[in-house]
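Enquirer: My questions will all concern the structure given below.
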Amino acid sequence: IEGVHLPAELRVSTSFEVAVDIVATAPGKVRLHLDKNGEPNPMEPSREVELRGGRQQVKLAARVTEPGPVLFTARLDTAAIAPEDNRSTLNDEAAVVGEVIGRPKVLVVGVDPSGALGRALGSSHLSIDSIAASAIPASVEGLRRYDLVVFSDIPARWVNAAQQAAVV
């Protein structure tokens, strides 16, 4: 295995392909296994591959359900290949690490934290936190974990200068 590749962006619960680059010195048949975080990849744990000799790429379906780092390991079962044709077993395995982005996080600031806007945004597969205007963090650090801040039906005077500066 010459390399394992993931898409540039990985999102929670979105299917994608793991691309495995294989270089074979001769034609043959092998089984390609794909593990996710040390366990068989649930969507496509393995596939029979007909080696053509030379370079080829095999793509296997995958999906992640949790945000954070993920490790995919591709491994060839070369038992069907004569030992003299597999010059080095050290390159029968390769891995790649990716960072999975979670659902977008939205802070809804309003008079009714459990209101219709928060429910509607939540039904759109967004992660929602709802708070009153008095609870808005007054620092950029306090807001950094949010992708979006939505103000719903509150007068500007309810948001102090420090809170406004943090949001902008």
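The values are calculated or read from the model by the stated rules, or taken from the named source; none is laboratory data. Remember, it's a predicted structure, so these values are computed and weren't measured experimentally. Every residue, glycine among them, receives a Cβ derived from its backbone with ideal geometry; neighbour counts consider all protein chains shown. Just so you know, the surface numbers come from the protein's heavy atoms only, side chains and all, with ligands and any DNA or RNA stripped out. Shrake-Rupley method; radii C 1.70, N 1.55, O 1.52, S 1.80 Å.
Enquirer: Hey, can you tell me all the residues within segment 82-91 that are within 11 Å of Ile1 (Cα to Cα) and either modelled with pLDDT of 95 or more or among the aliphatic types (A, V, I, L, M) (or both)? Don't jump to the end; show me each part of the working.
Expert: Residues of segment 82-91 that are within 11 Å of Ile1 (Cα to Cα), as a first pass: 88-91.
Answer for segment 82-91, where residues must be within 11 Å of Ile1 (Cα to Cα) and either modelled with pLDDT of 95 or more or among the aliphatic types (A, V, I, L, M) (or both): just Leu90.
Enquirer: Sticking with this one: Checking the structure you have, find out if any residue of segment 46-56 is hydrophobic (A, V, I, L, M, F, W, C), outside any loop (DSSP other than H, G, I, E, B) and more than 16 Å from Leu6 (Cβ to Cβ).
Expert: Applying the first criterion (hydrophobic (A, V, I, L, M, F, W, C)) to segment 46-56 yields 49, 51.
In the following step, the residues that additionally are outside any loop (DSSP other than H, G, I, E, B) were identified as 49, 51.
If we keep only those that are more than 16 Å from Leu6 (Cβ to Cβ) as well, we get 49, 51.
Taking every residue of segment 46-56 in turn, at least one turns out to be hydrophobic (A, V, I, L, M, F, W, C), outside any loop (DSSP other than H, G, I, E, B) and more than 16 Å from Leu6 (Cβ to Cβ).
Enquirer: Exactly one condition in (1) within 30 Å of Ser46 (Cβ to Cβ); (2) open to solvent by 50 Å² or more (accessible area, probe 1.4 Å); (3) in a strand (DSSP E or B) is not met by Glu66; state its number.
Expert: Answer for Glu66: the failing condition is (3).
Enquirer: When residues of segment 23-48 are filtered for being open to solvent by less than 70 Å² (accessible area, probe 1.4 Å), in contact with a strand residue (DSSP E or B) (Cβ under 7 Å, 6 or more places away or on another chain) and modelled with pLDDT of 95 or more, how many remain?
Expert: Residues flagged as open to solvent by less than 70 Å² (accessible area, probe 1.4 Å), in contact with a strand residue (DSSP E or B) (Cβ under 7 Å, 6 or more places away or on another chain) and modelled with pLDDT of 95 or more within segment 23-48 amount to 9.
Enquirer: So which residues in segment 7-22 are open to solvent by less than 40 Å² (accessible area, probe 1.4 Å) and more than 19 Å from Gly54 (Cβ to Cβ)? Can you show your working first?
Expert: At the first step, the residues of segment 7-22 found to be open to solvent by less than 40 Å² (accessible area, probe 1.4 Å) are 10, 12, 16, 18-22.
Passing the criteria: Leu10, Val12, Phe16, Val18.
Enquirer: Sticking with this structure for a sec: Do we have any residue at all in segment 105-112 that's out of contact with any Ser or Thr (no Cβ under 9 Å at 6 or more places or on another chain) and basic (Lys, Arg)?
Expert: No, the conditions are met nowhere in segment 105-112.
Enquirer: When residues of segment 76-101 are filtered for being within 14 Å of Ala24 (Cα to Cα) and not in a helix (DSSP H, G or I), how many remain?
Expert: 11
Table: residues versus (1) charged (D, E, K, R); (2) closer than 16 Å to Val106 by Cα; (3) without any contact (Cβ under 8 Å) to a residue 24 or more places away in the chain; (4) out of contact with any Gly (no Cβ under 8 Å at 6 or more places or on another chain).
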{"position": "Ser127", "(1), (2), (3), (4)": "no, yes, no, no"}
{"position": "Ser130", "(1), (2), (3), (4)": "no, yes, yes, no"}
{"position": "Ser139", "(1), (2), (3), (4)": "no, no, no, yes"}
{"position": "Asp147", "(1), (2), (3), (4)": "yes, yes, no, yes"}
{"position": "Ile154", "(1), (2), (3), (4)": "no, no, no, no"}
{"position": "Val159", "(1), (2), (3), (4)": "no, no, no, yes"}
{"position": "Gln164", "(1), (2), (3), (4)": "no, no, yes, yes"}
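Enquirer: Which one of these is open to solvent by 50 Å² or more (accessible area, probe 1.4 Å), hydrophobic (A, V, I, L, M, F, W, C) and at pLDDT 90 or above: Ala156, Ala79, Ala94, Ala138?
Expert: Matching residue, one of Ala156, Ala79, Ala94, Ala138: Ala138.
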